[in-house]
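Nothing in this text is a laboratory measurement; each read-out follows from the coordinates by a stated rule. Quick caveat, the model's predicted, so the values are computed rather than measured. Glycine also receives a Cβ, built like all others from the backbone with ideal geometry; neighbour counts cover every protein chain displayed.
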There are 2 protein chains.
Amino acid sequence: MARASVIGTGMTTFGVHDRTLAELFAEAVFPALDDAGVGTTEVDALYFGNAMGGQTENETHLAPKLASHVGMAGIPAQRFEDACATSANAFKHAVQAVESGVHDVVLVGGAERCTPETGLDTAAMTRVFASAAHRQVEQPTGLTFPGAFALLTKRHMYEHGTTEEQLAEIAVKNHYHGSLNPRAHFGRDISVEEVLDSPVVADPFHLMDCCPFSDGASAVVVVSEDAAESFDGDPVDVTGIGHATDVVPMADKAHPSTTQSARDAAAEAYDQADTTADAMDFAEVHDCFTGAEVMATEAIGLFEDGGAGPAVAEGRTRLDGDIPVNPSGGLKAKGHPIGATGTAQVVELTEQLRGEAGDRQVADAQRAVAHNLGGGAATTVVTVMEGRA
Amino acid sequence: MARASVIGTGMTTFGVHDRTLAELFAEAVFPALDDAGVGTTEVDALYFGNAMGGQTENETHLAPKLASHVGMAGIPAQRFEDACATSANAFKHAVQAVESGVHDVVLVGGAERCTPETGLDTAAMTRVFASAAHRQVEQPTGLTFPGAFALLTKRHMYEHGTTEEQLAEIAVKNHYHGSLNPRAHFGRDISVEEVLDSPVVADPFHLMDCCPFSDGASAVVVVSEDAAESFDGDPVDVTGIGHATDVVPMADKAHPSTTQSARDAAAEAYDQADTTADAMDFAEVHDCFTGAEVMATEAIGLFEDGGAGPAVAEGRTRLDGDIPVNPSGGLKAKGHPIGATGTAQVVELTEQLRGEAGDRQVADAQRAVAHNLGGGAATTVVTVMEGRA
């Protein structure tokens with residue numbers, strides 16, 4: 001029994017855009033509605049994610065504005081913010097709403113502007129991103145997110161022998177996948193040498209271990225499993241969503257490289273879906289840094305602890321491997337417009353499970369898992385979806 | 001059949017506080033848990049509201065941080081933002097969650113810092129508040145919220161003959177109520193003459209027609225109607241919650257002084273509760289400006305259109321009137337820490353419906369309605385609650 005179904009998807013290219021949040025959002029919404037075969041008057045509610053519009057362009061209270069902009073003025077519209085896991089959490093609430101009968105047809109999406117098009121340079125934007133770290137304990141020390149994930153990754157290297165070369169292999173793989181994705185921020189192949197030769201940002205991360213700041217938007221249409229048949233959109237089922245948090249600040253974590261909230265969220269999602277990690281045909285995970293992909297793929301059970309580095313080096317997580325990871329290119333190559341990332345993962349799962357992913361199609365994809373993380377691995381939402389083929 | 005029950009409440013005084021958001025929130029949470037007879041380990045989820053922490057103090061991703069701060073690290077924790085209706089919307093989602101069995105015990109609350117204690121002066125904070133207006137159409141014209149509500153109120157005066165003296169009577173009434181509320185920002189009586197002699201901020205509003213910027217936090221514990229009996233906290237039932245939005249920007253509204261989203265939300269809430277406005281014993285409404293109280297009380301059906309001004313002048317909305325409005329002092333006198341206001345209204349309804357409101361107790365209060373508004377009357381959440389006495 002599915003919890004809900006996705007019947008339509010849309011997203012902008014991720015990259016640098018000189019357009020407003022409303023314009024970006026509309027560019028994702030209308031294709032999603034067309035795909036679903038749903039008219040604007042059939043949408044009952046908007047669940048919207050944006051992480052930092054207040055800081056980047058003095059824009060809050062976006063939900064009713066965006067509903068108005070896409071012709072849905074009047075519907076219940078709400079904004080969620082949980083750092084980089086913002087729109088995955090909006091999606092979770094939408095699934096609960098259709099499952100419990102609160103709404104029949106929910107539009108879920110996210111939009112964000114993070115590039116210098118906002119008028120903020122990299123230093124200013126880094127401070128904005130740091131707002132998702134502990135205000136009193138972490139921010140004053142200069143612990144921005146490259147440093148935060150470097151600390152977690154260093155511990156993983158110490159405990160499991162993960163190497164910088166293995167991390168670089170993740171960047172290379174995700175750039176390769178991104179080169180197959182017409183909506184990716186970065187569309188060119190890179191080499192391990194290029195990654196290792198790029199400047200060190202926060203040891204062990206080189207510049208090319210880090211995802212970019214992107215502008216973009218994504219949207220999906222969510223309905224109940226039963227209602228899905230009455231629309232034109234080819235449904236993909238949501239069989240489980242888990243959501244957990246970990247202690248903040250990071251220094252209080254029981255174990256730095258475990259990313260416990262991902263383990264808790266994954267256990268919940270697999271349990272709801274009555275499945276296991278072994279049954280997944282591919283995964284989209286939150287690779288804000290290459291080291292984050294290592295920890296994510298272990299936490300959601302694709303590999304034993306310490307197994308992710310060797311797995312990527314062996315090519316197992318490439319599109320033609322036994323468990324492709326981030327066929328979209330991931331945050332690393334597809335890009336990372338914060339509040340749009342969670343729903344974009346759902347877009348990728350839906351397109352893949354429909355068999356509509358084009359050059360980056362995962363062969364025989366029947367079920368998949370998405371992992372969206374916020375802050376210092378503090379919020380994690382894990383989603384399991386299954387095709388009906 | 002109630003949708004959910006509130007079994008515990010807590011809030012800080014509203015005013016000027018030199019404390020962090022986490023400290024303020026904790027000061028609301030622990031009394032709420034004590035009141036409910038609920039331990040920290042019994043709470044299943046946190047639904048949290050904060051509107052502008054990113055802008056005021058570069059603090060986002062607050063939900064897991066605050067959960068950690070109050071000893072609940074690990075639970076699903078999420079932040080909502082819908083301008084001044086932020087925590088009413090968090091509360092709506094919490095009610096849906098316990099009603100549908102997603103969670104058993106949910107902690108809901110809000111916290112905000114809006115005073116110069118943040119380091120921002122009135123001009124800077126006015127710009128922050130304006131972020132809830134349309135970024136491209138309203139903000140560049142200088143249409144901040146005193147001006148926005150002045151426009152709506154001017155239209156109401158033109159159509160219905162509402163007078164500046166009637167508006168001033170609302171300020172006087174709410175200050176009187178506030179003088180009876182030990183947690184109110186403003187605790188002294190004022191006169192109609194004082195209001196009319198205070199400087200004009202945006203015609204027809206004088207300074208004393210406007211609510212203050214406040215710091216503060218509020219929290220409630222929400223459980224299902226059935227589960228309520230198993231806790232020590234005296235339950236008050238949530239029988240209806242409606243949520244609607246109106247078109248953004250304000251210039252596109254079908255009618256400026258109607259505040260249509262309030263009418264839609266109220267109709268939904270009364271319908272769920274199988275009741276009518278006539279059955280309400282009192283109301284807490286979003287009086288960010290005196291004119292907003294006029295429009296709110298008419299929109300939720302306490303008076304005919306045009307009837308609110310005369311009603312307040314006749315004393316009908318005073319504590320000893322036939323339909324007391326804002327016995328807490330309302331935003332005008334109790335204060336308005338944006339993200340904490342919605343839940344604070346629920347705190348007031350709960351205390352009144354338990355008969356525990358002290359000097360400001362509404363006589364024989366059995367059922368009541370709360371109206372929480374965001375932006376240019378774009379988001380409105382209306383909640384109906386009933387006591388079990």
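Values for this structure:
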read-out: Over 29 Å (Cα to Cα) - which of A:Lys253/A:Lys332; B:Lys65/B:Lys253; B:Lys154/B:Lys332 fall in this group; value: B:Lys65/B:Lys253
read-out: Rg to Rh, two decimals, where segment A:74-156 supplies the alpha carbon set and Rh follows Kirkwood; value: 1.10
read-out: Partner chain coverage, peptide B:84-94 - average Cβ within 10 angstrom; value: 2
read-out: Ascending list, in nanometres, of distances separating the A:Gly307 label from those of the other copies (7 Å, Cα toward Cβ); value: 7.0
read-out: Of all chain B residues, the one whose C-beta is nearest the axis that brings B onto A, in angstrom; value: B:Ser100, 2
read-out: Spacing of the two label points (7 Å from each Cα toward its C-beta) at A:Asp271 and B:Asp34, in nm; value: 3.3
read-out: Selection from A:Phe303, B:Gln345, A:His61 lying farthest towards where the dipole of the protein assembly as shown points positive, charges on Cβ; value: A:His61
read-out: Stretch gain in nm, segment B:Asp203-B:Glu314, where the contour uses 0.36 nm per residue and the Cα spacing is subtracted; value: 37.6 nm
read-out: Position B:Ala254, label points 7 Å along Cα→Cβ, spacing to each other copy in nm (shortest first, one decimal); value: 5.5
read-out: Cβ-based charge dipole, segment A:158-282, positive-most Cα from A:Met250, A:Val222, A:Ala265; value: A:Met250
read-out: Calculated log₁₀ intensity ratio I(q)/I(0) where the Debye formula runs over C-alpha points of segment B:195-315, q = 0.14, 0.15 Å⁻¹; value: -0.82, -0.91
read-out: Efficiency of FRET between B:Glu159 and A:Glu229 - r from beta-carbon atoms, R0 56 angstrom, step 0.05; value: 0.70
read-out: For residues of A:44-56, the mean tally of beta carbons on other chains within 10 Å; value: 3
read-out: Rg to Rh quotient for segment A:251-389, alpha carbon positions, Kirkwood Rh; value: 0.93
read-out: Candidate lysines for bridging to B:Lys92, where Cα separation is under 18 Å - those fewer than 8 sequence places away on the same chain excluded; value: A:Lys92
read-out: Chain A, Cα convex hull volume normalised per residue, Å³; value: 117
read-out: Label-point gap, in nm, between B:Glu356 and B:Ser191 - each point 7 angstrom along Cα→Cβ; value: 3.9
read-out: Enclosed volume per residue, in Å³, of the convex hull spanned by Cα atoms of segment A:10-57; value: 93
read-out: Least to most buried among B:Ile7, A:Ile338, B:Ile190 (fewest other Cβ within 10 Å first); value: B:Ile190, B:Ile7, A:Ile338
read-out: Compactness index (Cα Rg / 2.2 N^0.38 Å), segment B:57-108; value: 1.19
read-out: Pseudo-label separations to other copies for B:Asp278 - Cα-to-Cβ vector, 7 Å, nm; value: 6.7
read-out: Hydrodynamic radius by Kirkwood, which averages 1/r over all alpha carbon pairs of segment A:1-160, in angstrom; value: 17.4
read-out: Rounded to 5, percent antiparallel among DSSP beta bridges of chain B; value: 75
read-out: FRET efficiency, B:Asp18 to B:Ala363 (Cβ-Cβ, R0 30 Å, nearest 0.05); value: 0.20
read-out: Rg in Å to one decimal, and Dmax rounded to a whole Å, for segment B:310-389 via C-alpha atoms; value: 12.8, 37
read-out: Exposure proxy ranking, count of Cβ atoms within 10 Å, fewest first, for B:Lys173, B:Lys334, B:Lys253; value: B:Lys253, B:Lys173, B:Lys334
read-out: For segment A:119-246, diffusion coefficient by Stokes-Einstein and Kirkwood Rh (Cα), 37 °C, 0.692 mPa s, µm²/s; value: 181
read-out: Dimensionless Rg over Rh [segment A:274-339; C-alpha; Kirkwood]; value: 0.95
read-out: Over the protein assembly as shown, volume per residue of the alpha carbon convex hull, in Å³; value: 130
